[in-house]
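The values are calculated or read from the model by the stated rules, or taken from the named source; none is laboratory data. Being a predicted model, the structure only gives us computed values, none of them experimental. All Cβ positions, glycine included, derive from the backbone under ideal geometry; neighbour counts span all protein chains shown. For accessibility, only protein heavy atoms count, side chains too; no ligands or nucleic acids. Shrake-Rupley method; radii C 1.70, N 1.55, O 1.52, S 1.80 Å.
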Amino acid sequence: MKAIVYCEYGSPDVVKLDEVEKPVPTDNQVLIKVRAASLNALDAYMIRDAWLNRLIFGLRKPRDTRLGRDVAGQVEAVGKNVTQFKPGDEVFGISRGALAEYACTSERALVLKPANVTFEQAASLPLAGLTALQGLREGKIQPGQKVLINGATGGVGTFAVQIAKASGAEITAVCSTRNVDLVRSIGADHVIDYTKEDFTKSDQRYDVIFDNVCNHSFSERRRVLTTKGICVLAGMGGAGVKEGQAIGRIAGNLFIARGLSSFTDQKFIQYMTEMSKDDLIMLGDLVQTGKVRPVIERTYKLNDAPEALRQLDAGHARGKLVITVGEDSR
């Protein structure tokens, strides 16, 4: 079968379409005929030649040469212990090596795709949608609260704006000039153009800050939180952030945030996105009912995935970049 692979670290130029062996499901796995997959910042990070990547993914070269995590498609075959799916079922979820014609994953990482949700929409949901949904849950959002989304136009940000809006909150989105109309179209009540205004210098106070960038100091963010406000540390700035910036933001989140939260009523919360069937089902329902509309900037064919990765790595993607595989998705 055809799959997107990378056999060395570097720029998106090391990524290529290649022929690889078609996977065979184990007893607890599902074989998926991939119809669509989407890119995440993780895909751009994994290929970079950085010491942290080498520690995690392989010192000399990548241990796992396949890319992609978000998947949507049809069940091709199931292992003997699989009880929830059968061949022909339309599913979406998380799978290693999703940028391929076929992929294998545990049945625990998949749910049925709602009939009126396209494969492209379903493929855009898993990692970004789970990150937004679970982060907002950590923020304990209540109807009527004032919520600020810093970094509102990437995959996670566009979902966060819409999920928070569906929760009944009053949303302020932070974005660049070119994305002002976009965030308004998906439900933001107020928009701050960060090229013209710094939200941390405003007189406005927020009950929850969903910080998908972490590009302000803790004292600056504390200033615009309410007395018992919560700042959810959701990201580092997307695929375009440089390695040094990312490490600095990770270190700050690990050490400073924990200390501040121990001594003040304002909380800085870290969390890890987790696979959850219930949450995937909830995301599918939100799209099915029209409360969330996946923002897909562009779709690419499988052989154009390296070009899509270059776009993602440049840090200019709005919403999600989706890769279609095989037949035209419906």
> Looking only at the stretch 22-46, which residues are more than 20 Å from residue 154 (Cα to Cα) and hydrophobic (A, V, I, L, M, F, W, C)?
Replying inline: 24, 30, 31, 32, 34
> For the subset of the stretch 72-93 comprising residues that are among the acidic types (Asp, Glu) and not in a loop (DSSP other than H, G, I, E, B), which member is nearest to residue 299 (Cα to Cα)?
Replying inline: 90
>> Of everything in the stretch 241-277, what is part of a helix (DSSP H, G or I), modelled with pLDDT of 60 or more, open to solvent by 40 Å² or more (accessible area, probe 1.4 Å) and not aliphatic (A, V, I, L, M)? Give them in sequence order.
In response: 255, 258, 262, 263, 277
> Regarding residue 86, is this residue open to solvent by 50 Å² or more (accessible area, probe 1.4 Å), over 21 Å from the mean Cα position of the chain (by Cα), free of Cβ contacts under 8 Å to residues at least 60 places away in the same chain and farther than 26 Å from residue 131 by Cβ?
Replying inline: yes
> Any idea how many residues of the stretch 278-330 are open to solvent by 50 Å² or more (accessible area, probe 1.4 Å) and either hydrophobic (A, V, I, L, M, F, W, C) or not in a loop (DSSP other than H, G, I, E, B) (or both)?
Replying inline: 16
> Can you find a residue in the stretch 91-100 that is modelled with pLDDT under 95 and of a type in the set (A, V, I, L, M, F, W, C)?
Replying inline: no
> Name the pairs: first residue in the stretch 38-51 and within 13 Å of residue 126 (Cα to Cα) and in a loop (DSSP other than H, G, I, E, B), second residue modelled with pLDDT of 90 or more and among the acidic types (Asp, Glu), Cβ to Cβ under 7 Å, at least 6 apart or on different chains?
Replying inline: 40/70
>> Go through the stretch 16-28 and report how many residues are closer than 11 Å to residue 66 by Cβ and among the hydrophobic types (A, V, I, L, M, F, W, C).
In response: 1
> Is it true that some residue in the stretch 55-71 is at pLDDT 95 or above, over 22 Å from residue 301 (Cα atoms) and out of contact with any Asp or Glu (no Cβ under 6 Å at 6 or more places or on another chain)?
Replying inline: no
>> Restricting to the stretch 205-229, count the residues that are closer than 25 Å to residue 128 by Cα and open to solvent by 20 Å² or more (accessible area, probe 1.4 Å).
In response: 7
>> Could you check the stretch 7-44 and list, in sequence order, the residues that are open to solvent by less than 50 Å² (accessible area, probe 1.4 Å) and under 21 Å from residue 316 (Cβ atoms)?
In response: 10, 12, 14, 15, 37, 38, 39, 40, 41, 43, 44
